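Notes follow once the structure below has been shown.
The values are calculated or read from the model by the stated rules, or taken from the named source; none is laboratory data. Because the structure is predicted, anything quoted here is derived from the model rather than measured. Virtual Cβ from ideal backbone geometry, glycine too; neighbours counted across all protein chains shown.
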Amino acid sequence: MESIKRACRYFYYRFIRLQASPENLARGVALGLFVSTTPTFGVQTIIALLLAALFRCNKICAVVSAQLTNALTAPFIFLGTYYLGAVILNSPVDRSKLDQILASFDWGRVWEAGPSVFITLWDAVWNLGPSVFAALWVGGTILGLILAAVGYFVVLGIDTKAHLQIVRAKQQAKRQIERLKRKNEETEAGKWTGM
């Protein structure tokens, strides 16, 4: 448990030391979270990187947050987005289609399969028809907008607080250096007048 805390602390400090404005970092995270819920499995990292370059937000944050959908979470995210999209589009939720999506995912080879997991998932979704694909897009877009908004404000709040702490620490260090310089100048001036 201690190693997990240490790793979280490490990534937190690495995050706040990124050379970008809090707004830029928050936009990158929001963009990555949005892309992670769209049914673009397998190419989400590339899409997040391209969109981050296009919208001039932090590319590292966009790519990292796009990893929300990975080999372990993809079936759950896409089942949820399918259900949400089907409800919004007022199309019947076909339980057998949900079961087909889950059945196409090879749980035994999650870590070994690599990109083939996403190819299998693409094939399964594509074979289920355009209504499933439309439901995935609608549900993914809505869920992505919600996650993006939450992620944006959370990161903006965290990073703004950390940024302010860093600015205050720099100002305090600058004042202390100025104080030491004045003290040193007074000491030097005292030496010269005392001779």
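Some points to look at:
- Restricted to helices (runs of 4 or more DSSP H) entirely inside the stretch 1-78, those with at least 1 residues that are of a type in the set (S, T, N, Q) and either at pLDDT 90 or above or within 13 Å of the chain's Cα centre (by Cα) (or both) are 22-37, 44-55, 59-65.
- Hey, residue 87 surrounded by fewer than 18 Cβ atoms within 10 Å (Cβ to Cβ) and either at pLDDT 80 or above or within 20 Å of residue 37 (Cα to Cα) (or both) or not: yes
- The criterion of at least 3 residues that are basic (Lys, Arg), more than 27 Å from the chain's Cα centre (by Cα) and modelled with pLDDT of 70 or more is met, among helices (runs of 4 or more DSSP H) falling completely within the stretch 105-195, by 130-193.
- Hits in the stretch 39-83 - residues which are of a type in the set (Val, Ile, Thr) and farther than 22 Å from residue 125 by Cβ: 60, 63, 64
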